[in-house]
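Q: Below: one structure in structure tokens.
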Amino acid sequence: MTNKLSDKDKKDWKNFVESSEKLDNKDIDNLDQLKVSEKIIDLHGYSLDEANKKIENFIESCYSKKVKKINVITGKGMRSKNLEDPYQSIDMSILKYSVPEYIKNNNELMKKIIRIDFDSVNSPSKGSFDIFLKSIK
């Protein structure tokens, strides 16, 4: 390996240093400082009430930060203990179904949402769904 720079490399470096071109800071750890168009939230292990509060706060936060898409991981509900309880609604005791219903019935949240991917919610093979947010006016 040689330590000498070619004239072309020197010229390229000089042009770069003198230009107004900026490089992204690769050391930024805080996603809030980046322009993020998609975020993910995992609701595994939360109770229904906890999950609803968490998703409400998350949607509000994402909307204010101009996030366009949220991927909500709920799981499929296959290991839910609620399946064994005959006095509970199976569909509404599982986060996969209850969280999107909670969002759909919350008028303030729906004002910020373009659409919820209910095809994914209703798919037995998926344990997540997407929410597409409107832009702040």
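Values in this text are rule-based calculations from the coordinates and carry no lab data. All values derive from a computational prediction rather than experimental measurement. Every residue, glycine as well, gets a Cβ built from its backbone with ideal geometry; the counts of neighbours run over all protein chains shown.
Q: Going by amide H atoms built from the backbone, whose H comes under 5 Å of the H on residue 113, apart from near neighbours?
A: Those qualifying (amide H under 5 Å, at least 5 residues apart or on another chain) are 134.
Q: Step through the residues of the stretch 59-68 one at a time and calculate ³J(HN,Hα) from phi using the Karplus curve (6.51 cos²θ - 1.76 cosθ + 1.60, θ = phi - 60°), rounding each to whole Hz and writing x for Gly and Pro.
A: 4, 4, 5, 4, 4, 5, 9, 6, 6, 8
Q: Now for a separate question. Can you list the residues, at least 5 places off or on another chain, whose amide H is less than 5 Å from the amide H of residue 127, using H built in the peptide plane?
A: Sorted by chain and number, the residues that satisfy this come to none at all.
Q: Can you sort 136, 70 so the residue with the fewest Cβ neighbours within 10 Å comes first?
A: 136, 70
Q: Fewest first, what order do 5, 95, 43 take by the number of other Cβ atoms within 10 Å?
A: Starting with the residue having the fewest Cβ neighbours, the order is 5, 43, 95.
Q: Once phi is turned into θ = phi - 60°, what whole-Hz ³J(HN,Hα) does the Karplus curve with 6.51, -1.76 and 1.60 give for every residue of the stretch 44-54, x standing for Gly and Pro?
A: 3, x, 8, 6, 4, 5, 5, 5, 5, 5, 5
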